[in-house]
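Let me begin by presenting the structure, written as structure tokens, before commenting on it.
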Amino acid sequence: MSIIDMANRVGATLIPLIIVGIPAYGLLKKVKVYEEFVEGAKEGFEIAVRIIPYLVAILVAIGMFRASGAMDYLVNGLRPVLSLLGFPPENLPMALMRPLSGSGSLGLLSDLIGEYGVDSLFTKIGATMYGSSETTFYVLAVYFGSVGIRQTRHAVVAGLLADGAGALAAVYVCKLMLG
């Protein structure tokens, strides 16, 4: 049996167990599972309503930046430096966008797929960046904001360093394994 077959069997077994097990555990502990679920969904909706203006602002700013051609100027200006580092300039927009917006970076990934095809190295690097980094500013705004944290201290720097490490690792691992 291959690793993939084992992973598929484990996943096919664990997922239903988790879906049934968590509510069953709650019932054993005499928790009103449905009421708690609905309360959590209400809180999630309230948070979503609070952050919509910030998300719209980020998406509009990103759209304006790209539509103005500033992204193209930035990529072309950094092309020589990026080439020396072995970082494909075609993937720079994804590396810059990912910490800001999940939907914006998904749009950039779709652009890479449309322009270069699903089997291109640029697309594979972009997809790996998408999966190996986080929307740092979104996470800080939503999760820190939802619990009232105002002083982010080192979280922004640590998050951006992790995003940068994820982008660089995506490039080098993809080139090593696929290029």
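Of note:
- Pair list, Cβ under 9 Å, 6 or more apart: segment 146-163 residue closer than 25 Å to residue 49 by Cβ and surrounded by 10 or more Cβ atoms within 10 Å (Cβ to Cβ), other residue modelled with pLDDT of 80 or more and among the charged types (D, E, K, R): 146/43; 159/134
- When segment 116-145 is limited to residues that are within 30 Å of residue 179 (Cβ to Cβ) and of a type in the set (Val, Ile, Thr), the one that is surrounded by the most Cβ atoms within 10 Å (Cβ to Cβ) turns out to be 125.
- Helices (runs of 4 or more DSSP H) lying entirely in segment 27-117 (those with 1 or more residues that are touching a residue at least 24 places away in the same chain (Cβ under 8 Å) and of a type in the set (Ser, Thr, Tyr)): 33-67, 102-116
- Residue 3 fulfils the conditions (1) surrounded by fewer than 11 Cβ atoms within 10 Å (Cβ to Cβ); (2) at pLDDT 85 or above; (3) not assigned by TED's automatic domain parsing to the domain that holds residue 168 except for a single criterion, (2).
- Scope segment 126-138; condition in contact with a helix residue (DSSP H, G or I) (Cβ under 7 Å, 6 or more places away or on another chain) and either under 28 Å from residue 49 (Cα atoms) or not assigned by TED's automatic domain parsing to the domain that holds residue 59 (or both); matching residues: 130, 132, 133, 134, 135, 136, 138
- Unmet requirement for residue 105, which otherwise passes all of (1) in contact with a Lys or Arg (Cβ under 8 Å, 6 or more places away or on another chain); (2) more than 26 Å from residue 143 (Cβ to Cβ): (2)
The values are calculated or read from the model by the stated rules, or taken from the named source; none is laboratory data. Note that the structure is a prediction, hence the values are computed from the model and not measured. Glycine gets a Cβ as well: all are built from the backbone with ideal geometry, and neighbour counts include every protein chain shown.
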